[in-house]
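Novice: What follows is a structure written as structure tokens; I'll ask about it next.
The values are calculated or read from the model by the stated rules, or taken from the named source; none is laboratory data. Bear in mind the structure is a predicted one, so any value in this text is a computation, not a measurement. Cβ placement follows ideal geometry from the backbone for every residue including glycine, while neighbour counts extend to all protein chains displayed.
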Amino acid sequence: MNGDRGGDTDLRSFAVKLRRMTAEYNRIAHEFAADHGLHNTDVQALIMILDAPSPLTPGRLREELNLTSGAITACLDRLERAGHIRRVRDVHDRRVVHVHYLDAAKDVAAAFFRPLARSTDHVLRRFSPEELRTVAAFLDAVNDELGVLRATPGST
């Protein structure tokens, strides 16, 4: 399998498939943003807040989204006004602020993205657990490489 570089498994084919999938996910995210009066950056921030293993600080979110301090403050202000997040000061260090995704906002997002979840589940059922582990390993490796690329100045 590692030696098969033609057809649907060559670099160009994968790049096209990944771009197509990314474009479709972006289209859906843009629809969510438009339906909820948000900017596309706001949706990116919500996704990062939701996916983070622990609450993010505005500074960490700013770094991840590559925004200025003013831009991340404006983004968080919009998200807070819209009822998606709340900012909470750390109990041990009041200078530190953590951003939390509100449960009611998660419910709104879940309702909007439910058709996407159903479609994804439909696709998952077409593959064996072993095939899905391979796909997951591939996606993890791609994301790891993208992280390295992003961390290397001048690499893109």
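Novice: Could you list, in sequence order, all residues of the range 87-102 that are more than 19 Å from the chain's Cα centre (by Cα) and not acidic (Asp, Glu)?
Specialist: The answer is Arg87, Val88, Arg89, Val91, His92, Arg94, Arg95, Val96, Val97.
Novice: Listed residues Val142, Val108; which is over 30 Å from Phe14 (Cα atoms) and either outside any helix (DSSP H, G or I) or of a type in the set (A, V, I, L, M) (or both)?
Specialist: Among Val142, Val108, only Val108 is over 30 Å from Phe14 (Cα atoms) and either outside any helix (DSSP H, G or I) or of a type in the set (A, V, I, L, M) (or both).
Novice: Determine which member of the set Arg118, Arg126 is of a type in the set (D, E, K, R), assigned to a helix (DSSP H, G or I) and without any contact (Cβ under 8 Å) to a residue 60 or more places away in the chain.
Specialist: Arg118
Novice: What do you reckon, is Leu76 in contact with a strand residue (DSSP E or B) (Cβ under 7 Å, 6 or more places away or on another chain), of a type outside the set (Phe, Trp, Tyr) and either touching a residue at least 12 places away in the same chain (Cβ under 8 Å) or surrounded by fewer than 16 Cβ atoms within 10 Å (Cβ to Cβ) (or both)?
Specialist: Here the answer is yes, as Leu76 does meet what is asked.
Novice: So, in the range 92-105, how many residues would count as being more than 14 Å from Asp35 (Cβ to Cβ) and part of a helix (DSSP H, G or I)?
Specialist: 2
Conditions (1) among the aliphatic types (A, V, I, L, M); (2) under 30 Å from Pro153 (Cα atoms); (3) out of contact with any Gly (no Cβ under 6 Å at 6 or more places or on another chain); (4) at pLDDT 95 or above, marked per residue:
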| position | (1), (2), (3), (4) |
| --- | --- |
| Asn66 | no, yes, yes, no |
| Cys75 | no, yes, yes, yes |
| Val88 | yes, no, yes, yes |
| His92 | no, no, yes, no |
| Val99 | yes, yes, yes, yes |
| Ala104 | yes, no, yes, no |
| Ala109 | yes, no, yes, no |
| Phe112 | no, no, yes, no |
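Novice: Conditions first: (1) under 21 Å from the mean Cα position of the chain (by Cα); (2) surrounded by 12 or more Cβ atoms within 10 Å (Cβ to Cβ); (3) under 22 Å from Leu50 (Cα atoms). Leu132 passes all but one, so which condition is the exception?
Specialist: So Leu132 meets the others, but not (3).
Novice: While we're here: Filter the range 59-71 down to the residues that are within 16 Å of the chain's Cα centre (by Cα) and outside any loop (DSSP other than H, G, I, E, B), then identify the one that is surrounded by the fewest Cβ atoms within 10 Å (Cβ to Cβ).
Specialist: Glu63
Novice: Looking at the range 30-43, is at least one residue surrounded by fewer than 10 Cβ atoms within 10 Å (Cβ to Cβ) and either more than 15 Å from the chain's Cα centre (by Cα) or modelled with pLDDT of 90 or more (or both)?
Specialist: no
Novice: Which of the residues that make up the range 44-58 are in a helix (DSSP H, G or I), among the hydrophobic types (A, V, I, L, M, F, W, C) and surrounded by fewer than 18 Cβ atoms within 10 Å (Cβ to Cβ)?
Specialist: Scanning the range 44-58 gives Ile47, Met48, Leu50.
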